[in-house]
Amino acid sequence: MEACSVARIMSLGHLDLTILHKLLALSPGSHMKFRIDPPLVETETETETVVQDSHRKFRKDPPLMEAETVVPNSYRKFRKEPPLMETRTLVQISDRKFREDPSLMEAETMVQNSPELPLDVLIDIFAQLEIPDFIRAGSVCSAWRSAYTILHSQIEQYKRRQTPCLLYTSESVADNVACLYSLAEKRVYNITLPDPPIRSRYLIGSSHGWLVTADDKSELHLLNPITGQQIALPPVITIEHVKPILDDAGAISKYELWDDLDVEIHDLDKLRDCLYFRAFVFPDPSTGSYIVVLIIFPYRQLLFARVGDCKWTLLPPGEDYEQCIHMDGLLYAFTRTGQIDAFDLTGPTFTRNVIADEMENHISGMDGLMYVVQAPCGDLLQVCRGAEVTEDILVETDKIMVYKADMSAKKLVKMNGLHDHVLFLGRSQSQCLSAEQYPQLKTNCVYFTDDDTYISRYKNDRRDIGILNLENGGREEIASKLWCNWPNPIWITPNITRMNMGVYK
């Protein structure tokens, strides 16, 4: 399809991009109650929440609509059905707001009376939208739905960089609903997820738009909260340290967890507390799918499985791993003592190549938590996150230091801030983003979530979540507390890609 230039778009005359969000507010599909109110104001001033219970507000005026809801697989409905108002409440709210808000009536009139944009122009515009707006656009009218469907089927054309969001649960919604706080829009979306309920799971990791969760039987799943696609990972009993204990009926009733010296017996829902440390999701070019890498206790060894595998594979001898990153087709693993190992997972056998046996002035456990991230320019960064213990005996992040890894000299070189970049740290895959490409984010700042090593032991503690300015050391809240303390809130970058599981059958 021929690309469309900005000049061509503007030459159409009738296209007013400033009214795009009002047009999207007319969207009747997606089960979404997308607010027409201005985005949430910054947390330094009065703010407002968009959680479903209307009594929980950031600010007291004006009354808010309920939070937006992204229903899994809703885009498939756009292909098969005409756009529908799926709930009576939404119809009533929408009708009332159309009567009360002249700007919405203006937008509705524009949709009805404006000449229809060429399909390729719509596709070019939609390709520049954040995912929530992209999904809403697909239900404005039949022409927009056609552009949405085409772009979704040719997902490689949809290249808009998505701003990370904070995923959490809330007591104001059902146990199977997750809340997504958009940093770009400063508003909340409620997402209904497949069973088991998200409130009953542990969030072990997040990468490329996929969560890695552990359910109440300590089984792992990949879950894309935007599409609702869920994929079971290999059974926990395929990890060689774990053995099942069967009851009289032949069902698994408990687990044995073995190490070199001892064996422990755990209930089905308790194994996850002492087995899973971190999980990472990396693209697998050989299959067009993903690889999941685990760091497990007690020795912090590495396991991996491709989507569709029937068991977990233990990587060659090595332990005490803290972080992983995938670069240039290799898996790099970093230990707490400064060692860097590389693994090639593409062949039939897997070997460990020691890149550096120890980095000079490496980040130790005494310094704080260590993270690894690749900068947009390609540099490998290591980040040290220090914390203090507050008066109420809670851990709170108070300093973050960034280092460039000089691989030839095998040492870390301290950097003077991030300048025009932004960091995301937590239980998710660390990210370093260009503030120029993400103008909604604060430059030279670190966005962080709670990341205690044994975080499940502190389920009721206040979570350590915020933004740290590397220039002045100032700390600010992302938003007034919206989240439950457990499961731990986690960063996720929205992704509308679905995996074709048919190739694994």
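Quick note: the coordinates plus some simple rules give every number you see, no bench work behind them. Quantities reported herein were computed from a predicted structural model and do not represent experimental measurements. Glycine also receives a Cβ, built like all others from the backbone with ideal geometry; neighbour counts cover every protein chain displayed.
The table that follows gives values for the structure above.
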quantity: Relative contact order of the range 160-215, pairs being alpha-carbon contacts under 8 Å that are 6 or more residues apart, as %; calculated: 25
quantity: Cα gyration tensor shape for the range 438-505, rounded if a/c is under 1.5, else prolate or oblate; calculated: oblate
quantity: Estimated vicinal HN-Hα couplings, Hz - the range 452-464 in sequence order (Karplus 6.51, -1.76, 1.60; Gly, Pro = x); calculated: 4, 4, 10, 4, 5, 7, 10, 5, 9, 6, 4, 7, 8
quantity: Average silhouette area of the range 346-385, convex hull of alpha-carbon atoms, in square nanometres; calculated: 4.5
quantity: Range of Cα positions in the range 308-354 per principal axis (Å), largest first; calculated: 33, 22, 16
quantity: Spin-label pair Gln154/Lys404, simplified geometry with 7 Å Cα→Cβ offset, distance in nm; calculated: 4.1
quantity: Ratio Rg/Rh [Cα only; Rh per Kirkwood] for the range 213-297; calculated: 1.02
quantity: Order by protection proxy (mean Cβ within 10 Å, highest first), peptides 259-265, 442-448, 122-128, 170-176; calculated: 442-448, 122-128, 170-176, 259-265
quantity: Taking the C-alpha atoms of the range 303-455, convex hull volume expressed per residue in Å³; calculated: 151
quantity: Highest to lowest packing among 307-315, 383-391, 231-239, scored as the average C-beta count within 10 Å; calculated: 231-239, 307-315, 383-391
quantity: Compactness of the range 312-402 as Cα Rg over 2.2 N^0.38 Å, two decimals; calculated: 1.26
quantity: Zone residues, the range 200-226, relative to Thr238, backbone N less than 18 Å from point 7 Å out along Cα-to-Cβ; calculated: 212-215, 217-223
quantity: Nonlocal amide H pairs with Met327, under 5 Å, H built at 1.01 Å; calculated: Tyr332
quantity: For the range 118-183, alpha-carbon Rg over 2.2 N^0.38 Å; calculated: 1.34
quantity: Cα gyration tensor, the range 240-337 - rounded (a/c under 1.5), prolate or oblate; calculated: oblate
quantity: Net length gained if the chain between Ile252 and Ser142 were fully extended (0.36 nm per residue, minus Cα distance); calculated: 34.5 nm
